[in-house]
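Just so you know, all these numbers are worked out from the coordinates, no wet-lab data involved. Keep in mind the model is a prediction, meaning the values are calculated, not measured.
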Amino acid sequence: MPADQTVLNHAARILASVTPTLPADSALRRYFQDHSKVSPGLRRVISRTVFIYYRWFNWLDSRDSLQRQLAQAEQVAARFDRDPRSIKPEALAARAVPTWAADEIEFSADDLRQLQRDPALWLRARPGTAGALSAALGDCEKTPASPDAVCYVGTQDLFRTTQFHTGAFEIQDLASQLVSIAAAPNPGETWWDACAGEGGKTLHLADLMANKGLIWATDRNERRLQSLKRRAARAKLFNFRSVLWDGGERLPTKTKFDGVLVDAPCSGAGTWQRNPHARWTTTADDVRELAATQTALLNHVAPAVKPGGRLIYAVCTLTRSETTVVAEAFTAAHPEFAPAPFTLPGREPADALHLTPHALNANGMFIAAWRRA
Ligand SMILES: C[S@@+](CC[C@H](N)C(=O)[O-])C[C@H]1O[C@@H](n2cnc3c(N)ncnc32)[C@H](O)[C@@H]1O
């Protein structure tokens, strides 16, 4: 359904507030904080309209008013939804992603089309409860890619459900869920989630460990770790310790770990469907700098893996520089580590894997794993 004028006006005001330091997703959050009377349903429509604008940005006439451009974007999106093949893959490759991406990412035609669609909303149910959660929430679809993942296709505000407040699920992209499944920690082990952020993967690791054993959750951002603690309390998960770590050579502990997960900061090209504004703000220089940070993080954590322990590297991007190049450089520089296959539901074992947006209807992700001799 096309957006009405009220939606276009809200969306135009949000676009006008976007700056190099206030990306679209933050601008949306701030706008809705300042306009708390906007209903959850209307917020969803406004957010979608803003994201459609960035997905179809290169099809718009920048001389027009923002309202008119938003309406143009809606029209292109509607035409594409009716017939995805009406826009040729060559046009998508040239206009839906930044030009530098051609040197870094091999998008298939299906992936390019996937980037232009509304993203799926994935939930992670607590282990073994996906069926009960689906029945309680309604409007949920299962996937063979993970036993605990469900795709929510309804319209209720999930943050207001009892199930959310009692920790029955987390909102977590399917590709992110597969990272912890690839890590496959055992109850009672000791793990280090080195870039824990707000704890999406820490909580999943803790669940897979049945709340037994210990996870060191570190990040250089204190605010994110605070959020992790709130989420863990809601999920009643206690087998973790959160500590600030700046990612440097000086490690936060002398502990040797059964497993270390480096869910590294990255260019986020795998999230370009969900966060289309990032297509136009991320640069080739960012990719180069992030690849150096990722390499440093892997080198720094490597001594903390105990003999026989595992190291998992994950990034929600698909650039060559941040994925295979980083992984191959680590293998070459660390003869004490050998690539170690991991298994995801319905897939052949692999020691490194690109998960593409089209394959999963989710974010793009790269996962690599090693075992220490
Ligand atoms: C991809 S996010 C982690 C997401 C998190 N694992 C999750 O599943 O919710 C990367 C994290 O790395 C952190 N980070 C960035 N640079 C870092 C560095 N040099 N050392 C340690 N952490 C860093 C960021 O603060 C961010 O929280």
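Overview of results
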quantity: Difference of contour (0.36 nm per residue) and Cα-Cα distance, A373 to R48; calculated: 112.1 nm
quantity: Within a Gaussian network of the chain (alpha carbon springs, distance under 10 Å), most fluctuating of R223, R48, R279; calculated: R223
quantity: The chain, relative contact order [Cα under 8 Å, separation at least 6], %; calculated: 15
quantity: Relative contact order computed over region 176-372 (Cα-Cα under 8 Å; 6+ residues apart), in percent; calculated: 20
quantity: DSSP bridge pairs, the chain: antiparallel proportion in percent, nearest 5; calculated: 60
quantity: Members of K212/K306; K37/K201; K229/K306; K212/K254; K212/K256; K201/K236 lying beyond 24 Å, as alpha-carbon distances in this model show; calculated: K37/K201; K229/K306
quantity: Full-stretch length increase - T283, W100 - with 0.36 nm per residue and alpha-carbon distance subtracted; calculated: 65.1 nm
quantity: Quotient of Cα Rg and 2.2 N^0.38 Å for the chain, N being how many residues it contains; calculated: 1.00
